[in-house]
1. Any residue in region 20-34 that's open to solvent by 70 Å² or more (accessible area, probe 1.4 Å): show its pairings with residues that are of a type in the set (D, E, K, R) at Cβ separation under 7 Å, as long as the two are six or more apart or on different chains.
2. Please go through region 104-114 and pick out each residue that is assigned to a strand (DSSP E or B) and out of contact with any Leu (no Cβ under 7 Å at 6 or more places or on another chain).
3. Where the second residue is assigned to a loop (DSSP other than H, G, I, E, B) and open to solvent by 80 Å² or more (accessible area, probe 1.4 Å) and the first is touching a residue at least 12 places away in the same chain (Cβ under 8 Å) and lies in region 82-97, which pairs have Cβ atoms under 9 Å and are six or more apart or on separate chains?
4. Restricting attention to region 77-98, and to residues there that are at pLDDT below 90 and among the acidic types (D, E), which single residue is nearest to T21 (Cα to Cα)?
5. Restricting the search to region 132-144, which residues are in a strand (DSSP E or B) and either in contact with a helix residue (DSSP H, G or I) (Cβ under 6 Å, 6 or more places away or on another chain) or loosely packed, with under 14 Cβ neighbours inside 10 Å (or both)?
6. Say whether the condition of being among the basic types (K, R), buried (at least 16 other Cβ atoms within 10 Å of the Cβ) and modelled with pLDDT of 90 or more is met by at least one residue in region 121-131.
7. Test V151 against the stated conditions and say whether it is open to solvent by 30 Å² or more (accessible area, probe 1.4 Å) and at pLDDT 95 or above.
Amino acid sequence: LTIVVLLPATRMICAEELSATVTQHVHPVLVRNQHNSLLRITISAESPFVELRSLTVSLRCTDDHHDIDAVELFFAGEKGQSSTAMRFGDALQPDGQTVVIGGHARLHKGENHFWLSCRLAPTASLDHKVDATCVDIETSTGHITPFDRNVSMRQQIGISLRKHYDDGLHKYRITELDTT
């Protein structure tokens, strides 16, 4: 007696079934903030179980990469809200115009949102600007080049004067600013 088991054919997922867009928001990046949102990366997958392996970020239009103390990438889930709960890879200090953030994340079918954050050095110049964009995404199915919706949208460096719980206080009110 011979038993033949037929297994369903597995379909290979290719990089053409993935697309990615990069979106930036206009707001300053602040010295003293642990996390400053630089951009959001949305990877759309037509099939589940694709693994994200690395992202290459260009800091080419940043005035001085020494202003950036660390760059981190976070998984924001399907809804895209900024969250520091799930970091992708390690926090990296840029040593040039390009940063490659490696890690492992399984993409879901549909939209998968990530956001790139930076922490500025305490000595960052307020005269400088920061710019970042994702130039390459490596997955288990190959490489894809994301579409950048905001080409060269440089963000001004500022300083966070007061933060939540500085000096143990919950909130601050600067009356001169209220009056102005």
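1. Going by the 7 Å Cβ cut-off, the qualifying pairs are R32/K163; Q34/R119.
2. Residues satisfying the conditions are H104, R106, G110, E111, N112, H113.
3. Filtered contacts from region 82-97: T84/Q34; Q97/R60.
4. E78
5. Within region 132-144, G142, H143, I144 meet the criteria.
6. Scanning region 121-131, I find at least one residue that is among the basic types (K, R), buried (at least 16 other Cβ atoms within 10 Å of the Cβ) and modelled with pLDDT of 90 or more, so the answer is yes.
7. Against the criterion (open to solvent by 30 Å² or more (accessible area, probe 1.4 Å) and at pLDDT 95 or above), V151 does not qualify.
The values are calculated or read from the model by the stated rules, or taken from the named source; none is laboratory data. Values in this document were obtained by computation on a predicted structure and should not be read as measured data. Backbone-built Cβ (ideal geometry, glycine too); neighbour counts: all protein chains shown. In case anyone asks, the SASA skips ligands and DNA or RNA and just uses the protein heavy atoms, side chains included. Shrake-Rupley method; radii C 1.70, N 1.55, O 1.52, S 1.80 Å.
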